[in-house]
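The values are calculated or read from the model by the stated rules, or taken from the named source; none is laboratory data. All values reported here derive from a predicted model rather than from experimental measurement. Heads up, the Cβs are rebuilt from the backbone with ideal geometry, glycines too, and the neighbour counts pull from every protein chain shown. These area figures cover heavy atoms from the full protein model, side chains too; ligands, DNA and RNA do not enter into them. Shrake-Rupley method; radii C 1.70, N 1.55, O 1.52, S 1.80 Å.
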Amino acid sequence: MKQKKNIKKYILVGLLCGLVACGSVLVARHKAVNKVSYTQFLRDIQNEQVEKVELSNASTLKFKLKNSDTVYTTDNPRKETLKEALLLNNINVVEKAQSDTSMIQYIISISLMIAMFIAIFNMVKKQNNSRGKMSIGDKKVAPHALKHGFDDIAGNEEAKEQVAELIDFMKEPEKYAKMGARMPKGFILYGPPGTGKTLLAKAIAKEAGVSFFSVSGSDFMQMYVGVGASRVRELFKTARKEGKAVIFIDEIDAIGKKRSSGSMQGNDEKDQTLNALLTEMSGFKDDEGIVVIAATNRLDTLDDALLRPGRFDRHIEVGYPDFKAREQIIKLHLKNKPLSDDVEVANIAKQTVYFTGAMLENLLNEAAIYAVSTGKPCIDQKAIDTAFYTVVAGKEKKDRSGISEMDQRITAYHEAGHALVTKLIAPENSVTKVTIIPSTKGFGGFSMNIPKDKMYMNKTELLNSIKISLAGRAAEEIIFGKNLITTGASNDIEKASESMRNILLRYGMDTSYGLVNLNVLTGKQTVEDEAFITRSVKYMGDLYEETKALIIAHQDKLEALAESLIEKETLNEQEIASFF
Ligand code: ADP
Ligand code: ZN
């Protein structure tokens, strides 16, 4: 993207130079504007007004009048007799071999333009070359400069264990070679963004005491064909010079995605880059001590060519941290932060199901910033709560004067609906916070519902989660009527639809629909099957009716919760529990 911008800049500069050059041509022509007719010129001669004439073979001739510095031009009849006539009239005649100056100016201007374009072209080329090298050099980190080792990664025990051998191999590749053992050349770390894949790759380099080279697959996008491939070769060349090294390729899917079966057309740049990478990987020997680590959010989207033996054949999952891992990550990131006695690490860990390491780090950082901004000596529970809101929903909107009372009531009933249904059908979940404070990200409020950490979800739990999503809209309809339902439920409906799709399509949980995965069955990425859509709409409608019935049966609780929200704006876990 940057590259493209720069090229645009040069084209702009080029155009400007072109304009300046054209401008100079225009100016040069303007100088000769004092043109007079040939008869006027003859009259001037007759009146003995002409002092000097410049003759040439050009189409025009120049002349000067007595007592004036102005240079005039007129048509050149190109007659031999003209010179004699002039001389006979005592006029000073100067002969110029090629005096068509405007022509010369044209030529000069045009050559200048050409020269400028060549200079600019060379500049761009040079920039591109050095850019390619620079960004690779830029992202090289020597082992002593790597900040984080294994001790700075909390949790992820399985992943750490799996790479322990790799580190040993990089330290003593000869040992493995002697035994005839071959180390995998390529590792893929896969898992959601922010779970610590980059962190792990860097730690591997640090622990092994080798340099770390990194590049991102997305850097190769938007490039000219061939540039990506040559950058890959350059990267490996530089890494080889180090002897041993870790080469990290982030977002490998940007160049290594499976080609969709429908389209025959490939993307040249992507293919060339990918091929260059595979060629380089098969090029180095087993005992060289270079390891390529790639990261992706989804392993299943990668091209099979990448995953074949001898290429990226070791796959290591870096997943969401569980309760214990979260506790460790929190402790790690609290190391340099003063903490108030009222904060319990285990409590934060409990409330942060589905948080990644990066989100936890962000949470504690936001809390620290909040503590500083409020002039507190340490991070207290209030700071954590505020940061929690920020990480989940964006910053709280400070100015809430513009929100009408009606909007506030609707939000209160909507959020109370979510909280009520959660408490009724999923008591094992904790509802840690319900608020009607809108966020700058556009949420009207939210109800924080934390499911239990667990391996699988059963069908009832999945259906319950849909009902919880639908409960906001259901409460709106029950209290304000069918015609006053709002757009506030759009996110909820999106989430519910996603779960519904999974139930029908991936989990094979609906008997009337069958035990098939339509995507696999039809080989298409999208499902246009009518039966699928009809079934989904009907299923969702039934769940919505059940949710409404549940709320109506407990309407007194809904009203109590909502009215309390209108009064206090936010309710915490204990306050919510007190209604049940
Ligand atoms: P990914 O590459 O998976 O997107 P990163 O490695 O860039 O994630 O992680 C971003 C940040 O999140 C790290 O710099 C670190 O501060 C924090 N983090 C993520 N996972 C962990 C972990 N397991 N232990 C400690 N910190 C972590
Ligand atoms: Zn909602």
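Can you send over the carbon and sulfur percentage of the accessible area for the chain, probe radius 1.4 Å, protein chains only? Present the calculation step by step, with values, prior to reporting the outcome.
Values: 17280 of 31990 Å².
Answer for the chain: carbon and sulfur cover 54 percent of the accessible area.
Against the longest principal axis of the chain, how steep is helix 227-241, in degrees 0 to 90 to the nearest 10, with axes from Cα atoms?
Helix 227-241 and the main axis of the chain meet at about 70 degrees.
Please give the peptides 210-217, 493-500, 386-393 ranked by average Cβ packing (other Cβ atoms within 10 Å per residue), highest first, as a rough proxy for protection. Write out the running numbers ahead of the final one.
Values: 210-217: 22.2, 493-500: 15.8, 386-393: 19.5.
Top of the packing list down: 210-217, 386-393, 493-500.
Using +1 on the beta carbon of Lys and Arg, -1 on that of Asp and Glu, and nothing else charged, what's the dipole of the range 487-570 about the Cα centre, debye to 20? The partial results should precede the final answer.
Working: 9 positive and 15 negative charges, 86 e Å.
Here the size comes out at about 420 debye.
Between the helical axis of 530-553 and the dominant principal axis of the chain, each derived from Cα atoms, what acute angle in degrees is found, rounded to the nearest 10?
50 degrees
Would you calculate, for the chain, the mean residue ellipticity at 222 nm contributed by helices, counting each DSSP H stretch of 4 or more residues as -39,500 (n - 2.57) and dividing by all residues, to the nearest 500?
On the way: 22 runs with 314 residues, N = 580.
My calculation for the chain gives -17500 deg cm²/dmol from helical runs alone.
With angles folded into 0 to 90 degrees, how steeply does helix 323-334 sit against the dominant principal axis of the chain? Use alpha carbons for both and round to 10.
The two axes meet at around 50 degrees.
Treating the beta-carbon of each Lys and Arg as +1 and of each Asp and Glu as -1, no other charges, what is the dipole magnitude of the chain about its Cα centre, to the nearest 20 debye?
On the way: 79 positive and 75 negative charges, 546 e Å.
Value, rounded to 20: 2620 debye.
Extending each Cα 7 Å along its Cβ direction at V94 and Q162, get the distance between those two points in nm, one decimal.
Between V94 and Q162, the simple spin-label model gives 8.7 nm.
Exceeding 27 Å between C-alpha atoms, which entries from my cross-link table qualify? They are K147/K335; K382/K454; K337/K454; K382/K568. Don't skip to the end; give the middle numbers.
Working: K147/K335 15 Å; K382/K454 29 Å; K337/K454 31 Å; K382/K568 16 Å.
Violating the 27 Å Cα-Cα cut-off are K382/K454; K337/K454.
With unit charges on the beta carbon (Lys/Arg positive, Asp/Glu negative), name the residue among I252, V227, H315 whose Cα is farthest towards the positive pole of the charge dipole of the chain.
Of the candidates, V227 comes out farthest on the positive side.
Between F117 and A346, what length in nm is gained on full extension when 0.36 nm per residue of separation is reduced by their alpha carbon distance?
Answer, rounded to one decimal: 75.9 nm.
Any idea what the relative contact order of the chain is, in percent, if you count C-alpha pairs under 8 Å spaced at least 6 apart?
Across the chain, relative contact order equals 10 percent.
Between S373 and T526, how high is the FRET efficiency from 1/(1 + (r/R0)^6) when r is the Cβ-Cβ distance and R₀ = 56 Å? Nearest 0.05. Let's see the in-between values first.
Values: r = 47 Å, r/R0 = 0.84.
Once rounded, the FRET efficiency stands at 0.75.
For H144 and E563, calculate 0.36 nm times their separation in residues minus their Cα-Cα distance, and state this gained length in nm to one decimal. If you can, show how the numbers build up before the last one.
Values: separation 419, 0.36 × 419 = 150.84 nm, distance 5.93 nm.
Gain on stretching H144 to E563: 144.9 nm.
Report the one residue of F117, L42, T411 whose Cα lies farthest in the direction of the positive end of the charge dipole of the chain (charges on C-beta: Lys and Arg +1, Asp and Glu -1; origin at the Cα centre).
Checked the options; the winner is L42.
Going toward the positive end of the dipole of the chain, with +1 on Lys and Arg Cβ and -1 on Asp and Glu Cβ, which of A560, G541, A325 do you reach last?
Of the candidates, A325 comes out farthest on the positive side.
Would you kindly calculate the mean projected area, averaged across all directions, of the convex hull enclosing the Cα atoms of the range 386-535, in square nanometres?
Values: hull surface 44.0 nm².
Here the figure is 11.0 nm², rounded to one decimal.
Suppose we keep just the DSSP beta bridges with both residues in the chain; what percent of those would be antiparallel, to 5? Kindly include the intermediate steps, with their values, before the conclusion.
On the way: 21 of 47 bridges.
Given both bridge residues lie in the chain, the antiparallel proportion sits at roughly 45 percent.
Could you do me a favour and compute the accessible area per residue for the chain, 1.4 Å probe, result in Å²?
Details: 31990 Å² over 580 residues.
Accessible surface, normalised per residue, equals 55 Å².
To the nearest 20 debye, what is the magnitude of the charge dipole of the range 136-317 about its Cα centre, counting +1 on the Cβ of each Lys and Arg and -1 on the Cβ of each Asp and Glu? Present the calculation step by step, with values, prior to reporting the outcome.
Numbers: 27 positive and 29 negative charges, 90 e Å.
The calculation lands at about 440 debye.
Packing-wise, with mean Cβ within 10 Å as the measure, how do 418-429, 440-451 rank, highest first?
Working: 418-429: 20.8, 440-451: 18.6.
Answer by packing, highest mean first, reads 418-429, 440-451.
Order 271-279, 304-312 from most to least packed using the mean count of other Cβ atoms within 10 Å. Could the numbers behind the result be given before it?
On the way: 271-279: 20.6, 304-312: 15.8.
By packing density, highest mean first, the sequence is 271-279, 304-312.
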